[in-house]
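Here the structure comes first, spelled out in structure tokens, and everything after it is commentary.
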Amino acid sequence: VGFGGSCFQKDILNLVYIAKTYGLNEVADYWEQVILMNDYQKNRFSDNIVSTLYNTVSGKKITFLGWAFKKDTNDTRESAAIKVADNLLSERAKIEVFDPKVTNERIYTDLDYLNTRSSEENRDLLKVRKDPYEASKNSHAIAVLTEWDEFKTYDWQRIYNNMLKPAFVFDGRGILDMESLKKIGFVCYKIGIGTKI
């Protein structure tokens, strides 16, 4: 669903600057496209959720598994989850987030920093949960946005049983076993592969 973190993007932009300084405009343009493709991928992922959920997510509950930009950290700088959430909240989706390490305060600060909605509106449309099963209860879809290992070991049958049907999974990190999820009954989208029913 795209890379995050503060260093990689900063390093690429430094490379663009250095290439332009030495008159290597084609090289600079190439690396600048990496940043643009990364942003495009985040928008593409959220657009795919909207189009798959019958071209509207207004009032629909979408569960985010993961908010950090990568597993085993509470660092959210430039996390893909922020942009995907912002896009879906702008479409009036209701989001519930579970991340093993990221705090409620950090998630709301990330959204408030964008200034696309009021702080109150962000808290009304997005809730942070301490339990993934609670976060996915009565959800229309699950979006995996961080590659936490524990997500692979969840009781996906239990999650499916408590979701609205049809139940969708959008794996933005390519970590889940799509075949076993499809056998349970999920409609699955895996980044790089597409939608499989």
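The values are calculated or read from the model by the stated rules, or taken from the named source; none is laboratory data. Since the structure is predicted, the reported quantities are computational estimates derived from the model, not experimental observations. Please note: Cβ atoms are built from the backbone with ideal geometry, for glycine as well, and neighbour counts cover all protein chains shown. What goes into the accessible areas is simple: the full protein's heavy atoms, side chains included, and nothing from ligands, DNA or RNA. Shrake-Rupley method; radii C 1.70, N 1.55, O 1.52, S 1.80 Å.
For region 70-86, enumerate the residues that are open to solvent by 40 Å² or more (accessible area, probe 1.4 Å) and outside any helix (DSSP H, G or I).
We begin by selecting, within region 70-86, every residue open to solvent by 40 Å² or more (accessible area, probe 1.4 Å); these are 70-72, 74, 77-78, 83.
The answer is LYS70, LYS71, ASP72, ASN74, ARG77, GLU78.
Just one of the numbered conditions (1) under 19 Å from THR146 (Cα atoms); (2) in a loop (DSSP other than H, G, I, E, B) is not true of VAL97; which one?
(2)
Please enumerate the residues belonging to region 142-167 that are in a helix (DSSP H, G or I), open to solvent by less than 10 Å² (accessible area, probe 1.4 Å) and within 16 Å of LYS190 (Cβ to Cβ). Steps first, please.
First, the residues of region 142-167 that are in a helix (DSSP H, G or I): 149-153, 156-161.
This time we only want the ones that are open to solvent by less than 10 Å² (accessible area, probe 1.4 Å), so: 151, 159.
The one that is in a helix (DSSP H, G or I), open to solvent by less than 10 Å² (accessible area, probe 1.4 Å) and within 16 Å of LYS190 (Cβ to Cβ): PHE151.
When only residues in region 92-113 that are open to solvent by 70 Å² or more (accessible area, probe 1.4 Å) and within 21 Å of VAL57 (Cα to Cα) count, which is nearest to the chain's Cα centre (by Cα)?
Looking at the filtered set, the residue picked out is LYS94.
Going by what's in this entry, would SER136 be described as of a type in the set (Ser, Thr, Tyr) and either open to solvent by 20 Å² or more (accessible area, probe 1.4 Å) or under 21 Å from ASP39 (Cα atoms) (or both)? Don't jump to the end; show me each part of the working.
Values: of a type in the set (Ser, Thr, Tyr): yes; either open to solvent by 20 Å² or more (accessible area, probe 1.4 Å) or under 21 Å from ASP39 (Cα atoms) (or both): no.
In short, no.
One residue is enough: does region 112-126 have a residue meeting the conditions part of a strand (DSSP E or B) and either in contact with a strand residue (DSSP E or B) (Cβ under 7 Å, 6 or more places away or on another chain) or within 25 Å of GLN9 (Cα to Cα) (or both)? If you could, list the steps in order and put the result at the bottom.
Within region 112-126, the first condition is being part of a strand (DSSP E or B), and the residues that meet it are 126.
Checking the rest, the ones that are also either in contact with a strand residue (DSSP E or B) (Cβ under 7 Å, 6 or more places away or on another chain) or within 25 Å of GLN9 (Cα to Cα) (or both) come to 126.
Among the residues of region 112-126, at least one is part of a strand (DSSP E or B) and either in contact with a strand residue (DSSP E or B) (Cβ under 7 Å, 6 or more places away or on another chain) or within 25 Å of GLN9 (Cα to Cα) (or both), which makes the answer yes.
Mind listing whichever residues of region 168-192 are surrounded by 20 or more Cβ atoms within 10 Å (Cβ to Cβ) and more than 18 Å from ARG44 (Cβ to Cβ)?
Of everything in region 168-192, those that are surrounded by 20 or more Cβ atoms within 10 Å (Cβ to Cβ) and more than 18 Å from ARG44 (Cβ to Cβ) turn out to be LEU176, LEU181, PHE186.
Restricting region 15-56 to residues that are free of Cβ contacts under 8 Å to residues at least 40 places away in the same chain and part of a loop (DSSP other than H, G, I, E, B), which is most open to solvent (accessible area, probe 1.4 Å)?
Restricting attention to region 15-56, the residues satisfying the condition of being free of Cβ contacts under 8 Å to residues at least 40 places away in the same chain are 15-38, 40, 44, 51, 54-56.
Keeping just the survivors that are part of a loop (DSSP other than H, G, I, E, B) gives 22-24, 54-56.
Details: TYR22: 171, GLY23: 49, LEU24: 87, TYR54: 146, ASN55: 117, THR56: 57 Å².
Filtering first and then ranking leaves TYR22.
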